[in-house]
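The values are calculated or read from the model by the stated rules, or taken from the named source; none is laboratory data. As the structure is a prediction and not an experimental result, all values here were calculated from the model. Virtual Cβ from ideal backbone geometry, glycine too; neighbours counted across all protein chains shown. Surface accessibility is based on the protein's heavy atoms, side chains included, excluding ligands, DNA and RNA. Shrake-Rupley method; radii C 1.70, N 1.55, O 1.52, S 1.80 Å.
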Amino acid sequence: MSIIDEMPFSLILVACLTLGLAPFAPPHIWEKLGMLFSGTLTKPVDIFDFLLHGMPWIILVLKLFRLRRA
């Protein structure tokens, strides 16, 4: 968790707005979330893609949680 604590908040926001939302029309993460909730997220490439685009958002949530608890 110390790695997340040391990351600048601005870097995490840039990652969320670029990698987390790319491609931008429509955001790729929304497609993968739809696949997850409908149960069609089964191919390894789709799971990797979901993790790749979702990781900045997970880090952002962890950073906000850690800032709030401090």
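Hey, what's the chain come to in accessible area per residue, 1.4 Å probe, Å²?
Values: 5060 Å² over 70 residues.
Per residue, the chain has an accessible area of 72 Å².
Nearest 20 debye, what's the magnitude of the dipole of the chain about its Cα centre given +1 on Lys and Arg Cβ and -1 on Asp and Glu Cβ? Don't skip to the answer; put the middle values down first.
Working: 6 positive and 5 negative charges, 51 e Å.
Around 240 debye, computed over the chain.
Once neighbouring chains are kept in place and the probe is 1.4 Å, which whole percent of the accessible area of the chain is contributed by carbon and sulfur?
Working: 3820 of 5060 Å².
Exposed carbon and sulfur together represent 76 percent of the surface.
Compute the long axis of helix 44-69 from its Cα atoms, compare it with the longest principal axis of the Cα atoms of the chain, and write down the angle in degrees, 0 to 90, nearest 10.
Tilt relative to the chain: about 30 degrees.
Starting from 0 in steps of 5 Å, tell me what percent of the Cα-Cα pairs of the chain lands in each bin.
3, 17, 24, 20, 16, 12, 7, 1
Nearest 10 degrees, 0 to 90: what angle lies between the long axis of helix 28-38 and the longest principal axis of the chain (Cα atoms)?
It is inclined by approximately 70 degrees.
Take the stretch 1-42, compute every pairwise Cα distance, and split them into 5 Å bins from 0; I just need the percent in each bin.
Histogram of Cα-Cα distances, whole percents per bin: 6, 21, 17, 16, 16, 15, 9, 1.
Label-point separation (nm) for MET55 and ASP5, each offset 7 Å from Cα along Cα-to-Cβ?
About 2.2 nm separates the two model spin labels.
Tally Lys and Arg at +1 and Asp and Glu at -1 over the other residues with C-beta under 14 Å from the C-beta of MET35: what net charge comes out? Don't jump to the answer; show the numbers that get you there.
Numbers: positive: LYS32, LYS43; negative: GLU31, ASP46, ASP49.
Value of the local net charge: -1.
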